[in-house]
Amino acid sequence: LFTLYVAMSVEFSGVMHCSYLVQNLLSALSGKPIISNEPPRTGFTFAFFWGRVVMSMAILGFCLAVVFKALFNGQTMMTVKYPNLPNGVNVFLFFFFMSIVGMLEGMQIAFFAVAKLPANERGTSFFGEKTCNLLFKGNGQNLPGFMIGRQLTVVCSFFLVASITGLNIEPGQGNNIFGIKDGAQKFLNYGFHGAVITTILASITWQLAASAFPIAFLNNPATYILLVFALFLEWTGLCSGAWVLARVFKSALGIQYDEVYVGTPEERMANNHADKEMSVSQDVGHLTGGGFAGHLVGSHDALDGPIQGDAVDQAA
């Protein structure tokens, strides 16, 4: 409950509201409406919402200006940790790792979005089919396995991005960024500007894009490459303790997978209980965060073996 209220407070502040602008742009580009239970904004509500969007864009622009000014002046933590790297290389690494994190953020949305689809609707290109075949093959262990490797990659990338965006400027020495006051420089040294940039440009934007265009993400060759890399990291066993903890939580809490109660999409369709909106053009890709609403096809036996037929019948 505490986490919920903190998150709601951050959202209400409007710092991240330019993400809504991205959402509206993606909705217009994809031709898919934004599904919401909220009434249309009018009057004060309309002005208050878009006022925060403008404020958020200004904050993001300032944060980016601070980072690039510091990068080109050699005033980031990269000059402390890796003093031999040229400033231009640091700029490249900033975009590179931001893109890696963004792709991985979008991939998890796209994977969960298409997991609810029948197998013959998941891939529409060579790399899309290879990605889906690898992700959903066998007993479904590759999907949660990807989540493990993905998380390890994201955390490592964030540590590097933190070094790239972190400032190495001591207040009171006359080197403050843009000549701001010492108090403002001390605040920037905490790194909140980097948090704003990575949250909007390396996370939310990519998640919204994947929610609008999940199949396009699957068809991207980079998706297949990152999937293989994430599965390789999981294969090394660096984070294998996650499987043990997952099994402990599953057994202790008696958690069951959705398929135990409602079956896979193919089973629901065979029993005339198909989802109301099953096609790519109708359900998958709506900007509702619906990527998390799908049933993880094939993932039910990743921890404890295949579901027995009688168990499914009893649950039904």
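The values are calculated or read from the model by the stated rules, or taken from the named source; none is laboratory data. Fair warning: this is a prediction, and the values are worked out from it, not measured in the lab. Virtual Cβ from ideal backbone geometry, glycine too; neighbours counted across all protein chains shown. Just the protein is used for accessible areas: all its heavy atoms, side chains included, with ligands, DNA and RNA removed. Shrake-Rupley method; radii C 1.70, N 1.55, O 1.52, S 1.80 Å.
Taken together, H273, H295 contain a single residue that is farther than 22 Å from L134 by Cα and at pLDDT below 85, which is H273. When residues in the range 184-214 are screened for being farther than 14 Å from E105 by Cβ, open to solvent by 40 Å² or more (accessible area, probe 1.4 Å), not hydrophobic (A, V, I, L, M, F, W, C) and not in a loop (DSSP other than H, G, I, E, B), 1 of them pass. G174 fulfils the conditions (1) closer than 13 Å to Q108 by Cα; (2) of a type outside the set (S, T, N, Q); (3) open to solvent by 20 Å² or more (accessible area, probe 1.4 Å); (4) modelled with pLDDT under 90 except for a single criterion, (1).
Which of the residues belonging to the range 93-133 are hydroxyl-bearing (S, T, Y) and outside any helix (DSSP H, G or I)? Quick ask: steps written out before the conclusion?
Narrowing the range 93-133 to residues hydroxyl-bearing (S, T, Y): 99, 124-125, 131.
Across the range 93-133, the qualifying residues are T124, S125.
Among the criteria (1) part of a helix (DSSP H, G or I); (2) open to solvent by 60 Å² or more (accessible area, probe 1.4 Å), the one P40 does not fulfil is (1).
Go through the range 48-82 residue by residue and tally those that are part of a helix (DSSP H, G or I) and either within 16 Å of L160 (Cα to Cα) or open to solvent by 70 Å² or more (accessible area, probe 1.4 Å) (or both).
The first filter runs over the range 48-82 and keeps only residues part of a helix (DSSP H, G or I), leaving 48-73, 78-81.
Within this subset, residues satisfying the condition of being either within 16 Å of L160 (Cα to Cα) or open to solvent by 70 Å² or more (accessible area, probe 1.4 Å) (or both) are 48, 50, 54-55, 57, 62, 67-73, 78-81.
Residues meeting the conditions: 17.
Being in contact with a Gly (Cβ under 7 Å, 6 or more places away or on another chain) and farther than 30 Å from M78 by Cβ holds for only one residue in F136, F127, and it is F136. Taking first residues from the range 154-165 that are farther than 18 Å from V66 by Cα and modelled with pLDDT of 90 or more and partners that are open to solvent by 10 Å² or more (accessible area, probe 1.4 Å) and assigned to a helix (DSSP H, G or I), the Cβ contacts under 6 Å between residues at least 6 apart in sequence or on separate chains come to S157/F97; S157/I100.
Please specify each residue of the range 92-112 satisfying the condition of being among the small types (G, A, S) and open to solvent by 10 Å² or more (accessible area, probe 1.4 Å). Answer for the range 92-112, where residues must be among the small types (G, A, S) and open to solvent by 10 Å² or more (accessible area, probe 1.4 Å): just S99.
Filter the range 95-114 down to the residues that are out of contact with any helix residue (DSSP H, G or I) (no Cβ under 7 Å at 6 or more places or on another chain) and of a type outside the set (S, T, N, Q) and list them by number. Answer for the range 95-114, where residues must be out of contact with any helix residue (DSSP H, G or I) (no Cβ under 7 Å at 6 or more places or on another chain) and of a type outside the set (S, T, N, Q): F95, F96.
Condition check ((1) farther than 19 Å from Y224 by Cα; (2) at pLDDT 90 or above) across all residues:
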residue: Y20; (1), (2): yes, no
residue: S27; (1), (2): yes, no
residue: P39; (1), (2): yes, no
residue: T42; (1), (2): yes, no
residue: F46; (1), (2): yes, no
residue: V54; (1), (2): yes, yes
residue: A115; (1), (2): no, no
residue: R122; (1), (2): no, no
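A single member of L143, L160, L134 is closer than 30 Å to G237 by Cα and surrounded by fewer than 17 Cβ atoms within 10 Å (Cβ to Cβ), and it is L134. Being among the polar types (S, T, N, Q), open to solvent by 60 Å² or more (accessible area, probe 1.4 Å), free of Cβ contacts under 8 Å to residues at least 12 places away in the same chain and not in a loop (DSSP other than H, G, I, E, B) is a condition met by no residue of the range 83-91. Taken over the range 249-261, the criterion of being open to solvent by 70 Å² or more (accessible area, probe 1.4 Å), in a helix (DSSP H, G or I) and among the aliphatic types (A, V, I, L, M) is satisfied by A252, L253.
Across the range 231-248, what is the total count of residues that are assigned to a helix (DSSP H, G or I) and open to solvent by less than 50 Å² (accessible area, probe 1.4 Å)? Write out each step before concluding.
Let us first name the residues in the range 231-248 that are assigned to a helix (DSSP H, G or I), namely 231-236, 241-248.
Applying the additional criterion that residues be open to solvent by less than 50 Å² (accessible area, probe 1.4 Å) yields 231, 233-234, 241-243, 246.
Residues in the range 231-248 being assigned to a helix (DSSP H, G or I) and open to solvent by less than 50 Å² (accessible area, probe 1.4 Å): 7 in total.
Among residues of the range 179-196 that are at positive phi, those with a beta-carbon under 8 Å from a residue that is open to solvent by less than 60 Å² (accessible area, probe 1.4 Å) at least six positions away or on a different chain give the pairs G191/A162; G191/T165; G191/G166; G191/L167.
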